[in-house]
Amino acid sequence: MRVHYLQHVHFEGLGSIEIFLAEKGHEQTCTKLYDNGELPEIQDFDWLIVMGGPMGVHDEQIYPWLKFEKAFIKEAILAEKVVLGICLGAQLIADALGARVYRNNYREIGWFDIILSKEAENSILAKAIPPKAKVFHWHGDTFDIPSGAIPIAKSEGCPIQGFILEDRVVAFQFHLETTLRSAELLIDNCRDELDGSKYVQSENEILISAQRFSFINKIMLSVLETIDCKQ
């Protein structure tokens with residue numbers, strides 16, 4: 001399996017996803033958009049993974065490559081590739097599918113419960129994601145559910161936490177791939193976003209338990225295994 005991923009900043013890589021890909025022996029390639037990396041040809045990969053970043057999907061004047069990235073994501077979806085997006089990646093997928101992306105009522109950073117949707121209980125993700133789970137969040141934007149997709153989950157601070165389309169396009173507003181080290185990097189580079197608002201936890205609250213990261217990484221593994229077996 002050939003897996004290509006899009007990286008928007010140096011401090012948000014694959015996290016625990018890299019372990020899964022290595023163990024499976026999947027080929028990995030990457031476009032570092034922040035470093036003016038080139039996008040591959042559509043026929044050169046089977047999976048596309050779109051990672052997170054502090055920018056927004058509408059920041060094309062600041063990051064001109066966003067325009068080309070969104071067109072590339074849309075092309076990959078139309079080519080029936082497996083596409084997984086996380087946080088900004090999920091927002092980019094939503095935008096590529098014609099859904100609205102906008103500021104959420106609250107910034108959501110830290111450990112908060114998600115509740116699996118009724119629709120997702122009948123999807124391929126039903127056995128991979130628990131009905132209720134405390135997962136990691138770091139976002140300020142959200143999106144509408146694209147036409148034809150089903151919602152995955154909700155949280156108290158954000159009613160739309162992701163969607164799945166055709167059992168092969170998966171968008172997570174939350175993070176399951178984050179490790180303790182990648183959370184430390186997020187804090188080091190985006191500490192100014194820890195503003196103490198209603199759904200924003202402190203650095204100590206975020207890093208208090210290594211077991212929490214292990215828990216979400218296991219869910220991420222289950223999600224990847226489920227998608228992998230489906231193809």
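The values are calculated or read from the model by the stated rules, or taken from the named source; none is laboratory data. These figures come from a predicted structure and were not determined experimentally. Glycine also receives a Cβ, built like all others from the backbone with ideal geometry; neighbour counts cover every protein chain displayed.
Quick notes on this one:
- Condition check for G140: surrounded by fewer than 20 Cβ atoms within 10 Å (Cβ to Cβ), in contact with a strand residue (DSSP E or B) (Cβ under 8 Å, 6 or more places away or on another chain) and outside any loop (DSSP other than H, G, I, E, B): yes
- Checked against the criterion of being farther than 25 Å from A210 by Cβ, acidic (D, E) and buried (at least 18 other Cβ atoms within 10 Å of the Cβ), the range 72-83 has no qualifying residue.
- Number of the exception - I145 against (1) out of contact with any helix residue (DSSP H, G or I) (no Cβ under 6 Å at 6 or more places or on another chain); (2) assigned to a strand (DSSP E or B): (2)
- The set of residues from the range 72-81 being in contact (Cβ under 8 Å) with a residue 24 or more places away in the chain and assigned to a helix (DSSP H, G or I) comprises F72, I73, E75, A76, I77.
- Any hit, the range 100-112, residues being acidic (D, E), outside any loop (DSSP other than H, G, I, E, B) and out of contact with any Phe, Trp or Tyr (no Cβ under 7 Å at 6 or more places or on another chain): no
- Qualifying residue in the range 104-111 (condition: modelled with pLDDT under 95, crowded, with 16+ Cβ neighbours inside 10 Å and of a type in the set (S, T, N, Q)): no
A quick yes/no check of all residues on (1) in a helix (DSSP H, G or I); (2) touching a strand residue (DSSP E or B) at 6+ places or on another chain (Cβ under 6 Å); (3) surrounded by fewer than 17 Cβ atoms within 10 Å (Cβ to Cβ):
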site: A171; (1), (2), (3): no, yes, no
site: T178; (1), (2), (3): no, yes, no
site: S182; (1), (2), (3): yes, no, no
site: G196; (1), (2), (3): no, no, yes
site: S214; (1), (2), (3): yes, no, yes
site: M220; (1), (2), (3): yes, no, no
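- On the stretch given as the range 1-31, residues that are outside any loop (DSSP other than H, G, I, E, B) and either under 17 Å from K67 (Cβ atoms) or among the aliphatic types (A, V, I, L, M) (or both) total 7.
- Residue check: G37 meets all listed conditions (1) surrounded by 13 or more Cβ atoms within 10 Å (Cβ to Cβ); (2) part of a loop (DSSP other than H, G, I, E, B); (3) under 19 Å from the mean Cα position of the chain (by Cα) but one, namely (3).
- Matching entry among N217, N189 (being touching a residue at least 60 places away in the same chain (Cβ under 8 Å), farther than 20 Å from I49 by Cα and polar (S, T, N, Q)): N189
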